[in-house]
Amino acid sequence: MIELRSIYFRYHKDWVLWDLSFQIERGEFVGVIGPNGSGKSTLLKILSSLLNPQKGEIFYEGLPLRRMNRSDIAKKIAVVPQETHLLFPFRALEIVLMGRSPHLGNLLFERRSDLEIARKAMEWTETLRFSERPMDELSGGERKRVFIARALAQEPEVILLDEPTSNLDIHHQLDFLELILNLNRERGLTIVMASHDINIASEFCERLILLEQGRIYRMGSPKEVVIRENIERVYGCETWVDQHPVSKMPRISLLRKGVR
Amino acid sequence: MKMLTFRKVLTVSLILTFVLLLVTLASVMVGSVRVRPGRSLSILIHSVFGLGGEETEMERTIILSLRFPRAMLAGLVGAGLSVSGAILQALLRNPLADPYILGVSSGAAIGAIVAIMVGLGALSFGLPIASFLGALMTVLVVFYFGRQDGKIHPNTLLLAGVIIGSFLSALIMFFLSISQKEELHTIIFWLMGDFSFSNTRAILIILPYILLGVFLLYCQSRKLNLILSGEESALQLGVNVGRLRLISYLLASLITAASVSVCGLIGFVGLIIPHSVRLVFGPDHRLLIPACALVGASFLIASDTFARTILSPVELPVGVITAAFGGPFFVYLLRTRKVIKTL
C-alpha cells in the first residue's frame with residue numbers, strides 16, 4: 001500500500017534519514033521505535049508529505065506521493081498530532097468537523113452529511129458527550145480522543161500517530177491503544193505509530209521498525225526486533241528483555257549500571 | 001449537536017446590520033445642529049430615491065454632505081481595521097497582533113508626514129495617496145526581510161514588522177522635531193486618527209479595497225480556522241498553508257493601508273473588536289469575519305460621533321475615544337467571559 005524507496009532526508013547539513021526502504025501493507029499496525037533523534041518523527045512527517053525527501057520516492061498505491069495534491073493525500077492519510085496548542089478555544093465538535101476539510105474543496109460550510117460523519121467519529125471515540133465543550137476545558141486524554149475523531153472524520157485509509165501515549169497515565173494509555181487497535185482490527189485502518197515506549201509497541205504492533213540514526217537497524221515482528229542486543233546497541237543502555245507474563249510478547253526492563 | 005450553518009451567519013449578520021443602521025442614524029442626528037430622528041431618516045430615504053421632502057436645505061446639506069459621508073467612512077474604516085486585526089491575530093498566532101503590527105502604520109505615517117511637510121496635505125488626494133504608498137512600501141519591505149528560505153514564518157515576519165516599525169518611528173520623531181508649528185497640529189491629529197477630512201471621494205477610494213478585501217478573506221474563512229489549529233495540522237488536512245498565508249497577509253495589509261490612508265492611525269479598534277467578537281461568537285472565522293466587520297463599523301461610527309460632539313465645538317481625535325471607551329469595555333468583557341460563553 002505504501003512503499004518507500006531509498007528515502008534520504010536532511011533538514012540542514014546532516015542526513016536525518018538515510019536510504020530508508022520498506023513497505024507497509026494495507027491493514028497493518030506498524031510501530032516505529034528508536035532513540036531520540038533517530039528520525040521517527042521525521043519519518044512520519046515524510047509519510048504525511050509534510051516534508052519532501054531530497055532523494056528517493058514514496059509510493060501510495062503505486063502513485064508517487066509528491067505528485068498527489070494535499071487534499072487528496074489528506075483523504076487517504078490522517079495524522080493525530082502530538083499535542084496541539086490552540087490559540088483560541090474551538091469546541092470539540094468544531095475540531096472534529098475540521099477533519100472534513102479535505103472533502104469540502106472550496107465549500108465554506110459543512111453539509112448535513114459531514115455532520116453525520118463527524119457524529120459517528122465522535123461516537124466511536126466516545127467523545128460525543130463533550131462535543132459542545134471548548135477544547136481547553138478537556139483533559140489531555142479527552143483531547144487526544146477528539147483528535148482521533150478528527151482523523152476518523154477524514155475517512156482515511158491510514159492513520160499516523162506520533163508518540164500518542166506520551167503524557168497520558170496508564171489507564172488512558174490503555175484506553176487509547178485499545179481504541180487504535182479496534183480501528184485497526186474492525187475498520188481495517190492501517191496504523192503507523194511512532195513510540196518511545198518499547199513495551200507498548202511490542203504489545204500492540206504487528207511489526208516494528210527499529211531506527212538508528214536515520215537507518216533501519218532491524219525490522220520485523222516484536223519477537224524479532226525487541227531483543228537485548230538490538231535494544232542495547234541502538235539505545236546504548238543496559239536493559240533486560242524477558243517475556244510479558246500474560247501475552248508472552250517481549251518486554252524490556254531498565255537496568256541500573258552494574259546491576260547485572 | 002450544533003454546527004455553524006450559513007443560516008446562522010446570515011441571521012447574526014442581519015441583526016448586526018440592523019444595529020449598524022441604528023448607530024448610523026443616531027450619528028447623523030447629533031451634532032451642533034440637531035436633526036430629529038424622523039427627519040434624519042426621511043432625508044436619507046429621500047436622497048436614495050431622489051425625492052425632496054419638507055426638510056430645510058441646511059439640514060439636507062449637514063446630513064448628506066457632512067455627517068453621512070463621515071459616518072460611512074468611519075464605518076468602512078472600522079470594518080476594515082477589525083477584520084484585518086482578526087486575520088493577523090490568526091495568521092501570526094498572536095493574540096496581541098493588531099492591524100499595525102507589521103509596520104503598516106509607521107509606513108503610512110511617514111508617507112502622510114512627508115505629504116504634509118511638502119504641502120501636499122492641502123490637496124484633497126495628496127494625503128491619502130502618500131500614506132497609502134508609504135504603507136504599501138513598508139509592507140513589501142517587511143515581507144522581504146520576513147522571509148526565510150523563501151517561506152514566511154510568523155515569528156520572523158513579526159520581528160521584521162516590529163523592527164522596521166520602530167525604525168520608522170524614529171524617522172517620525174525626527175520629522176516631528178523639525179516641523180513647523182502649524183504642520184505639527186495636522187500631523188499629530190493624523191497620528192491620533194481623525195475623520196474631519198472625510199469626504200465622498202475618500203469613501204470611493206477605499207470602498208473597493210475594503211469590500212473586496214473582506215470578501216476575499218471571507219472566501220478563505222474556513223481554511224483560516226485550520227491555521228488556528230496549527231500550521232502542520234492545516235497542511236495535513238490538505239490546506240496549502242503557504243499560499244493561504246501570503247494571500248491573507250497581503251489582503252489584510254491592503255485593507256489596513258487603505259483604512260489608514262484616509263483617516264490616520266486609529267488605535268485599539270483592530271485589537272479589541274476581534275477579541276470582543278470572539279468572546280461572544282467564538283473563534284470560527286466564518287462567523288467572526290462578518291461579525292467583526294459589522295461590530296467594528298458600529299463601534300467606530302459611535303466613537304467618532306462622541307469625538308465630534310462630547311466637547312463640541314472642539315473636536316477630539318477619534319483615537320482618544322476608541323481607547324478611552326474600548327479599554328474599559330474590553331476589561332469588562334474579559335472579566336465576564338464565562339458569563340458570555342454560557343449565554
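Values in this text are rule-based calculations from the coordinates and carry no lab data. Model, not experiment: these values are computed from the prediction. A quick note on method: Cβ atoms are made from the backbone with ideal geometry, for glycine too, and the neighbour counts reach across all protein chains shown.
Couple of notes before you dig in:
- Of A:MET193, A:MET122, A:MET68, the one that fluctuates the most in a GNM where chain A has Cα springs shorter than 10 Å: A:MET68
- Relative exposure of A:PHE176, B:PHE299, B:PHE215, B:PHE175, judged by other C-beta atoms within 10 Å (fewest first): B:PHE215, B:PHE175, A:PHE176, B:PHE299
- Positive minus negative residues near B:VAL241 (Lys, Arg vs Asp, Glu; Cβ under 13 Å): +4
- Taking every alpha-carbon pair in chain B and binning the separations at 10 Å intervals from zero gives 6, 25, 33, 24, 10, 2, 0 percent.
- Histogrammed with a bin width of 10 Å, the alpha carbon distances of the range B:148-223 distribute as 14, 22, 35, 24, 5, 0 percent, first bin at zero.
- Directionally averaged projected area (convex hull, Cα atoms, chain A), nm²: 15.4
- Counting neighbouring Cβ atoms within 10 Å and putting the fewest first, the residues B:TYR249, A:TYR217 line up as A:TYR217, B:TYR249.
- Among A:LYS248, A:LYS223, A:LYS120: highest mean-square fluctuation, GNM of chain A, C-alpha pairs under 10 Å: A:LYS248
- Among the listed pairs A:LYS76/B:LYS151; A:LYS223/A:LYS248; A:LYS45/A:LYS76; A:LYS120/B:LYS2, those beyond 18 Å (Cα-Cα): A:LYS76/B:LYS151
- Result for chain B in a Gaussian network model with C-alpha springs under 10 Å: among B:SER13, B:SER47, B:SER131, the largest mean-square fluctuation is at B:SER47.
- Look at the stretch B:322-328: the mean tally of other chain Cβ atoms within 10 Å of its residues' Cβ atoms is 0.
- If you take the Cα centroid of the range A:76-98 and the Cα centroid of the range B:183-197, the two points sit 46 Å apart.
- Zero-based 20 Å bins, Cα pair distances in the protein assembly as shown, whole percents: 18, 42, 27, 11, 2, 0
- For chain B, the residue among B:THR256, B:SER32, B:GLY230 whose Cα projects farthest onto the positive side of the dipole built from Cβ charges is B:GLY230.
- The range A:231-260 and the range A:185-226 have Cα centres spaced 16 Å apart.
- Secondary-structure-derived ellipticity at 222 nm for chain B, considering helices only, amounts to -25000 deg cm²/dmol, per-run term -39500 (n - 2.57) for DSSP H runs with n ≥ 4.
- Taking every residue in B:233-245 and counting other chain Cβ atoms within 10 Å of its Cβ, the average works out to 6.
- Taking the inverse of the mean reciprocal distance over all distinct Cα pairs, the Kirkwood hydrodynamic radius of the range A:37-138 comes to 15.8 Å.
- Per-residue mean of C-beta atoms belonging to partner chains within 10 Å, peptide A:92-103: 4
- For the range B:65-87 versus the range B:254-297, the gap between their alpha-carbon centres in whole angstrom: 10
- For A:ASP114, A:ASP136, the sequence from fewest to most other C-beta atoms within 10 Å is A:ASP136, A:ASP114.
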